[in-house]
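Undergrad: First the structure, which I've put down as structure tokens, then a few questions once you've had a look.
The values are calculated or read from the model by the stated rules, or taken from the named source; none is laboratory data. All values derive from a computational prediction rather than experimental measurement. Glycine gets a Cβ as well: all are built from the backbone with ideal geometry, and neighbour counts include every protein chain shown.
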Amino acid sequence: MLLEPINEVEVTVPDEYMGDVMGDLSGRRGKIQGMEAEGHFQRIKALVPMAELHKYSTILRSMTQGRGGYRTKFSHYDELPREQTEKVIAAHEKAREEAA
């Protein structure tokens, strides 16, 4: 079994971008934990694999026209899904063959 780091992510976005951001987080294998209203903004809390957060700040800025922000911190390790595990193993085996 392979484990991957999972981060707690807290995204603050204007109301009109909430659906797009939630869809994006779900597409990154994120698990939405909840939402809170703060005036005209929404705070979305989610657990997202660290590997899926690569260049997230740029993507969030584009999606929200520069009005969204986020914070992240390590939460825990979780089992890597089977298809990702197979990709990691295949890449490792290929690297070993090339090195030999």
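Undergrad: Looking at the stretch 75-89, which of its residues are in a helix (DSSP H, G or I) and either at positive phi or charged (D, E, K, R) (or both)?
TA: Result: ARG82, GLU83, GLU86, LYS87.
Undergrad: Condition first: under 23 Å from LEU3 (Cβ atoms), touching a helix residue (DSSP H, G or I) at 6+ places or on another chain (Cβ under 8 Å) and at pLDDT 95 or above. Can you find one or more residues in the stretch 49-65 that meet it?
TA: No: zero hits.
Undergrad: Which residues, counting only those in the stretch 57-74, are in contact (Cβ under 8 Å) with a residue 12 or more places away in the chain, surrounded by 13 or more Cβ atoms within 10 Å (Cβ to Cβ) and either of a type in the set (D, E, K, R) or not in a helix (DSSP H, G or I) (or both)?
TA: THR64, ARG67, GLY68, GLY69, TYR70, THR72
Undergrad: Here is a further query. Among the candidates TYR77, TYR17, single out the residue that is surrounded by fewer than 14 Cβ atoms within 10 Å (Cβ to Cβ), hydroxyl-bearing (Ser, Thr, Tyr) and touching a residue at least 24 places away in the same chain (Cβ under 8 Å).
TA: TYR77
Undergrad: Do you know which residues across the stretch 1-33 are of a type in the set (A, V, I, L, M) and part of a loop (DSSP other than H, G, I, E, B)?
TA: MET1, LEU2
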